[in-house]
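S.K.: Mind looking over this structure? Questions follow.
Read-outs: derived from the displayed coordinates by stated rules, not from any lab. Since the model is a prediction, treat every value here as computed from it, not as a measurement. Note that we place each Cβ from the backbone using ideal geometry, even for glycine, and neighbour counts take in every protein chain shown.
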Amino acid sequence: MLSPKLCGNSPVVCYEQLSAALGITLSVKHDDYLAGAGGGNKVRKLQYIMPTAAQRGYNALVTTGSAQSNHIRAAALMAAQQGWHARIIVHEAEPEKYLGNLLIAQLAGAEISFCRREDVAKAMDQAMDELSGRGLKPLYIWGGGHCLEGAYAFYMAADELMKQCEGKLPDFIVHASGTGTTQAGLVAGFQGTSIQVIGVSVAHDASRGASVVRDSLNQLGRHLNADYSAVSLQFRDEWREGGYGKVSDRLIATIRRAARCSLLLDPTYTGKAFLALEDMVASGEIPRGSRVLFWHTGGLMNLLSSPHFVS
Ligand SMILES: *Cc1c(COP(=O)(O)O)cnc(C)c1O
């Protein structure tokens, strides 16, 4: 696979106030600051998915997500950057106002349509045919950028982090986990180290979530000629706070507290992962004094368009 030229590395920042408050050494891998398309883990995935496809002659994409999907925004912006046509199927009703990610996707020039969730597959197939009919060569990208290249991007990101740590590896890495692609890549990338990767679910229950991570990990293993079948996974579902996109008072309190220490989190993804981190430190599951790296996967637009925060 090609190496990415578009977005560079993301910084690692030490948070001293939060470290002192929690009794750990807390650093943050800021994928939310990845350059090029509004940041976040979707940019990291797409920076492998799209150049690899461009080499094979693709010049358009068809993809899907919710109206506040970080993936649709990153796909629209990266398409604009590469001169691709972007066709985006949003699997919910058209909102009255275009905010956040949807607004950016529209500004970037994506062709956006709306349908019911159960009609997505058909709408995507139709869009593929339509674009081919216009003489384009469209790439079909699954929602969330869930694919081998996406997992590979995070396998390579593990290497990026290890170089940045200069020998001082964290004991724990905590991150928000959805489709499993990010976690699969990180777990594979940190094999052979003592780092424990803890994925915090934003949607799936533990058994379903672990099985999607496992599938992604096996696919990556086949590509890398590595056997990950004996690797144990930590996919935790205790901080879903009612389910995907739902919030709790505790979650809101965590987001407000972190923001006062200059760490911006969002209610859909990173806020839940950070709440989990706080609880695991409080319970001793992550012992005091540990080196903990919070892998920040993005989500600022989710914060800025959240009815729980926008007043
Ligand atoms: C999509 C997303 C995730 C989940 O990533 P997966 O690779 O699907 O597990 C986490 N955080 C943010 C901000 C996201 O947009």
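S.K.: Report the one residue of Ala203, Ile255, Leu220 whose Cα lies farthest in the direction of the positive end of the charge dipole of region 200-285 (charges on C-beta: Lys and Arg +1, Asp and Glu -1; origin at the Cα centre).
M.R.: Farthest towards the positive end: Ile255.
S.K.: So what is the 222 nm mean residue ellipticity for the chain from helices alone, if each DSSP H run of at least 4 adds -39500 (n - 2.57) and you divide by all residues, rounding to the nearest 500 deg cm²/dmol? Don't skip to the answer; put the middle values down first.
M.R.: Values: 11 runs with 133 residues, N = 311.
The helix-only estimate for the chain comes to -13500 deg cm²/dmol at 222 nm.
S.K.: Explain nothing, just the number: dipole magnitude of region 1-73 about its Cα centre with +1 on each Lys and Arg Cβ and -1 on each Asp and Glu Cβ, in debye rounded to the nearest 20.
M.R.: Numbers: 7 positive and 3 negative charges, 71 e Å.
With Lys and Arg at +1 and Asp and Glu at -1, about 340 debye.
S.K.: Can you list residues from other chains, or at least 5 along the same chain, whose modelled amide H is less than 5 Å from the amide H of Ile173?
M.R.: Hits under the 5 Å cutoff: Gln196, Val197, Ile198, Leu293.
S.K.: Among Phe172, Phe309, which comes first, then next, by fewest other beta-carbon atoms within 10 Å?
M.R.: Working: Phe172 21, Phe309 16.
Ranked by crowding around the Cβ, least crowded first: Phe309, Phe172.
S.K.: A follow-up question, please. Nearest 5 is fine: what % of DSSP beta bridges in the chain come out antiparallel, could you say?
M.R.: 10 percent
S.K.: Among Lys29/Lys163; Lys168/Lys272; Lys42/Lys246; Lys246/Lys272, which pairs are too far apart, with a Cα-Cα distance over 19 Å?
M.R.: On the way: Lys29/Lys163 12 Å; Lys168/Lys272 26 Å; Lys42/Lys246 21 Å; Lys246/Lys272 10 Å.
Lys168/Lys272; Lys42/Lys246, as the Cα separations exceed 19 Å there.
S.K.: Quick one: Cα convex hull volume of region 153-311, Å³ per residue? Can you show the working numbers first?
M.R.: Details: hull volume 19.1 nm³, N = 159.
Enclosed volume per residue, from the Cα hull, is 120 Å³.
S.K.: Based on DSSP loop calls and a cut-off of at most 10 other Cβ atoms within 10 Å, the longest stretch of the chain free of exposed GluC sites (Glu not before Pro) is what? Write out the running numbers ahead of the final one.
M.R.: Details: sites that count: Glu96, Glu166.
That gives 167-311 as the longest site-free run.
S.K.: Still on this structure, please answer the following. Give me Phe190, Phe274, Phe235 ranked fewest to most by other Cβ atoms within 10 Å of their Cβ, as a rough exposure proxy. Write out the running numbers ahead of the final one.
M.R.: Details: Phe190 20, Phe274 28, Phe235 24.
If I rank by nearby Cβ atoms, fewest first, I get Phe190, Phe235, Phe274.
S.K.: Can you grab the distance from the C-alpha centre of region 40-95 to the C-alpha centre of region 110-183, Å, no decimals?
M.R.: Their Cα centres are 8 Å away from one another.
S.K.: Taking Cα pairs under 8 Å and at least six residues apart, what relative contact order does the chain come out at, in percent?
M.R.: On the way: 614 pairs, mean separation 65.0, N = 311.
Normalised by residue count, the contact order of the chain is 21 percent.
S.K.: Using only the Cα atoms, what convex hull volume per residue in Å³ does the chain have?
M.R.: On the way: hull volume 40.1 nm³, N = 311.
So the per-residue Cα hull volume is 129 Å³.
S.K.: Going by C-beta contacts inside 10 Å, put Cys147, Cys14 in order with the fewest on the left. Kindly include the intermediate steps, with their values, before the conclusion.
M.R.: Numbers: Cys147 19, Cys14 11.
Ascending Cβ contact count within 10 Å gives the list Cys14, Cys147.
S.K.: Let me ask something else. Straight-line reach from Lys122: which aspartates and glutamates have a Cα under 19 Å away, not including same-chain ones fewer than 8 places off?
M.R.: Output for Lys122: Glu92, Glu94, Glu111, Glu130.
S.K.: Compute the helix-to-body angle for 70-82: its Cα long axis versus the longest principal axis of the chain, expressed 0 to 90° and rounded to tens.
M.R.: 60 degrees
S.K.: Quick one: grab Rg to one decimal and Dmax as a whole number for region 117-247, Cα atoms only, in Å.
M.R.: Computed over the Cα atoms of region 117-247, radius of gyration and Dmax are 17.1, 54 Å.
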